[in-house]
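The block underneath contains the structure these notes are about, expressed in structure tokens.
The values are calculated or read from the model by the stated rules, or taken from the named source; none is laboratory data. Owing to the predicted nature of the structure, the values given are computational and were not obtained by experimental measurement. Here the Cβ positions follow ideal geometry from the backbone for every residue, glycine too, while neighbour counts run over all protein chains shown. Ligands, DNA and RNA are excluded from the accessible area calculation, which covers all protein heavy atoms including side chains. Shrake-Rupley method; radii C 1.70, N 1.55, O 1.52, S 1.80 Å.
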Amino acid sequence: MKLTTTARHFEATPELVTFAEAKILKLKRFWDQILNVEAIMSVEKFRHIAEIKVHVNGHDFSAKDESDD
């Protein structure tokens, strides 16, 4: 599984990247054939946005969430 993390409009700390990778690696429990995962974290004024794109053999899944902190 190839894992890519991207931080937009802020500098991601190593602890934040490690935390995100640990959570994403738990997806292996549901699918054995994950090809790659893209984690995009961004900050826009007071909005913090996290978007995950999972590419499985033949299918693409995405999730997006927004928070104030």
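Ligands, DNA and RNA aside, PHE10 has an accessible area near 60 Å² when probed at 1.4 Å.
For the chain, which whole-number percentage of the solvent-accessible area (1.4 Å probe, protein heavy atoms only) is attributable to carbon and sulfur atoms?
Numbers: 2810 of 5380 Å².
C and S fraction of accessible area: 52 percent.
At the residue level, SER62 shows approximately 90 square angstrom of accessible surface with a 1.4 angstrom probe and all protein chains present. Solvent exposure of region 5-68, expressed per residue, is 77 Å² of accessible area, with all protein chains present and a 1.4 angstrom probe.
In a simple Cβ point-charge model (Lys, Arg +1; Asp, Glu -1; nothing else charged), the chain has a dipole of about 240 debye relative to its Cα centre.
Expected output is a single nm value to one decimal: the length gained when fully extending between SER67 and ALA50, i.e. 0.36 nm times separation in residues minus the C-alpha distance. What is it? Before the final figure, lay out the partial values.
Values: separation 17, 0.36 × 17 = 6.12 nm, distance 0.86 nm.
5.3 nm is the gain from fully extending SER67 to ALA50.
Working note: Karplus 6.51/-1.76/1.60 with θ = phi - 60° gives region 52-69 the couplings 10, 10, 10, 10, 9, 3, x, 9, 10, 10, 9, 9, 9, 9, 10, 9, 8, 10 Hz, where Gly and Pro are set to x.
For ARG8 and LYS28 in one chain, what is 0.36 nm times their gap in residues minus the Cα-Cα distance, to one decimal in nm? Intermediate results must be reported in sequence, preceding the final value.
Numbers: separation 20, 0.36 × 20 = 7.20 nm, distance 2.61 nm.
Result for the pair: 4.6 nm of gain on full extension.
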